[in-house]
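First comes the structure, then the notes that go with it.
Just so it is clear, none of the values below were taken in a lab; they were calculated from the coordinates. These figures come from a predicted structure and were not determined experimentally. Counting neighbours? That spans all protein chains shown, and the Cβs are built from the backbone with ideal geometry, glycine included.
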Protein chains: 2
Amino acid sequence: MEKIKVCIIGSGNVAIHLIKNILEVSELTLVGVFARKVENISFLVNAQILFSDLSQLPQADLYIMAVSDDAIFTVSNTLPFTDRLVVHTSGSQPLEIIAAKNRRGVLYPLQTFSKSRNVNFKEVPLFVEIEKETDRKLLEKVARLLSFNVYPLDSNKRKALHVAAVFSANFVNYLYGMASDILTTNQLPFEVLQPLIKEVANKVQELSPDQAQTGPARRGDYQTINAHLQFLESNLKFTEVYKLLSNLILEKYGKL
Amino acid sequence: MEKIKVCIIGSGNVAIHLIKNILEVSELTLVGVFARKVENISFLVNAQILFSDLSQLPQADLYIMAVSDDAIFTVSNTLPFTDRLVVHTSGSQPLEIIAAKNRRGVLYPLQTFSKSRNVNFKEVPLFVEIEKETDRKLLEKVARLLSFNVYPLDSNKRKALHVAAVFSANFVNYLYGMASDILTTNQLPFEVLQPLIKEVANKVQELSPDQAQTGPARRGDYQTINAHLQFLESNLKFTEVYKLLSNLILEKYGKL
């Protein structure tokens, strides 16, 4: 069986995790990687297939652009070929942002990637969108070789998903940071919160967030809420977040 | 060696998890459990040591009150004995809320407990406060038999810790719920977010929340932020939370 030839365009966190995983799948062959700064990625990719000039990218069945949102149009427009399958990996950009001279698609991995952490890519949900139905089979095949969780998803729903991810990942992490600041101010190490944070995330792997909700606002415990607000009163931003989220929880559970 | 005799007062989630774990520690012996409704807990505790009348509670080395915050004073005041060691398990109440006729202390487990989920109690951080130094040895010994992570903590710092827990657990779970609502409205299952939620929590077991922060606000990506606000504009509460938290992140990382 002939291997599927893939090129990666980009050298950021998503590109690195994609490359690592493509290299592990025998049905795929990585034929080229484009990086503006090849030194960012030379630890991972052989020099023979690493290019800093788009025009040198070899022929492939699939080009995956893992570049920043605002570079997608320019980079796709600069590609020195037409009518090949080119996909982006962005949660917030529509398929149409890719220059129309190629056949277009999206392969959106819903995960937070850091250079310093390995992620089990097989468990990362991949969301696939395709312009021409004749390309669906190939793109979905590649997606399934990389992950157990592949879903078709149009640009509109992908935007909803991306917004939901901001709430449940970026904002959540910011709240971890607020908690960390409260602890530091009181000479307590962040480590004491780690088991709680883990369990709260594990709980919603089985229960719905609605079933899992606990805390003073959930119980309508105004005495504790007021004591907390008094504790926080010298800090405007902590007070603001505490008030807004407590009020929303009180409202949701009919305790207002 | 003589076993340490413990009574539990209460039959809620904290009481149940304490009882389960005390029953597994050979150095401890559960001599009595008080429950207003004994049927809540009869699945776990032998009828001979289960009481619905406080005056029947047997002699013990330690009485642990796992009751709601607003019951601590009344219950402790109703205890038909004096000068024994009585502790509460609340994050937000001072030691002094326990009626002064007994020797007082606090044993605060920092975790979210649900009836339907087993928690590895050995990993739950336990925070200990004691009125009389002569009681410290016993309370800390019991705590260390139950958990690997035992810390001394005064009432003031315990309040700080409890506030931090509200941010990183209750508010975080509410954000999971908002994300779930966004997905439901768009006919997407909550399951697609579960790997992301888990990884965000796992990340801060190694990195600080500050190092782990990602997302449009972290990058100062106003184009995506504005697209998200437009997407959310028909819903006031989603818009309010999105704006407040994005602004705080933009401010924190100098992108405002």
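Being at the interface with another protein chain (Cβ under 7 Å from one of its Cβ atoms) and hydrophobic (A, V, I, L, M, F, W, C) is the filter; apply it to region A:208-228 and report the residue that is surrounded by the most Cβ atoms within 10 Å (Cβ to Cβ). Only one residue tops the list, namely A:217.
Hey, can you tell me all the residues within region B:148-164 that are of a type in the set (Gly, Ala, Ser) and either over 18 Å from residue A:189 (Cβ atoms) or more than 10 Å from chain A (Cβ to nearest Cβ) (or both)? Write out each step before concluding.
Of the residues in region B:148-164, the ones of a type in the set (Gly, Ala, Ser) are B:155, B:160, B:164.
B:155, the sole residue that qualifies.
Which of the following residues is within 22 Å of residue A:232 (Cβ to Cβ) and at the interface with chain A (Cβ under 10 Å from one of its Cβ atoms): B:231, B:167, B:190, B:238?
Numbers: B:231 fails: within 22 Å of residue A:232 (Cβ to Cβ); B:190 fails: within 22 Å of residue A:232 (Cβ to Cβ); B:238 fails: within 22 Å of residue A:232 (Cβ to Cβ).
Going through B:231, B:167, B:190, B:238 in turn, just one is within 22 Å of residue A:232 (Cβ to Cβ) and at the interface with chain A (Cβ under 10 Å from one of its Cβ atoms): B:167.
So, in region A:36-80, exactly how many residues are touching a Gly at 6+ places or on another chain (Cβ under 7 Å) and aliphatic (A, V, I, L, M)?
Filtering region A:36-80 down to residues touching a Gly at 6+ places or on another chain (Cβ under 7 Å) leaves A:49, A:51, A:57-58, A:60, A:65-67.
Then keep just the ones that are aliphatic (A, V, I, L, M); that gives A:49, A:57, A:60, A:65-67.
Here the count works out to 6.
Looking across A:139, A:95, A:126, one residue alone is in contact (Cβ under 8 Å) with a residue 12 or more places away in the chain, in contact with a strand residue (DSSP E or B) (Cβ under 6 Å, 6 or more places away or on another chain), crowded, with 21+ Cβ neighbours inside 10 Å and within 23 Å of residue A:57 (Cα to Cα). It is A:139.
Of everything in region A:178-187, what is surrounded by 22 or more Cβ atoms within 10 Å (Cβ to Cβ) and either more than 7 Å from chain B (Cβ to nearest Cβ) or of a type in the set (Gly, Ala, Ser) (or both)? Give them in sequence order. Listed by number, the list holds a single entry, A:179.
If I ask for residues that are under 10 Å from the mean Cα position of the chain (by Cα) and either small (Gly, Ala, Ser) or under 16 Å from residue A:20 (Cα atoms) (or both), which ones from region A:115-125 would you list?
Quick first cut of region A:115-125, residues under 10 Å from the mean Cα position of the chain (by Cα) only: A:124-125.
Once the filter is applied, which keeps residues that are under 10 Å from the mean Cα position of the chain (by Cα) and either small (Gly, Ala, Ser) or under 16 Å from residue A:20 (Cα atoms) (or both), region A:115-125 yields only A:124.
List the helices (runs of 4 or more DSSP H) that sit entirely inside region A:136-197 and contain at least 3 residues that are over 22 Å from residue A:244 (Cα atoms).
On the way: elements: A:136-146, A:155-165, A:172-185.
Ranges flagged: A:136-146, A:155-165.
Filtered by the rule that a residue be within 14 Å of chain B (Cβ to nearest Cβ) and within 25 Å of residue A:21 (Cα to Cα), region A:71-82 gives A:71, A:72. Taking the conditions (1) surrounded by 14 or more Cβ atoms within 10 Å (Cβ to Cβ); (2) small (Gly, Ala, Ser); (3) more than 7 Å from chain A (Cβ to nearest Cβ) in turn, residue B:254 satisfies each one other than (1). Looking across B:119, B:106, one residue alone is crowded, with 19+ Cβ neighbours inside 10 Å and in contact (Cβ under 8 Å) with a residue 60 or more places away in the chain. It is B:119.
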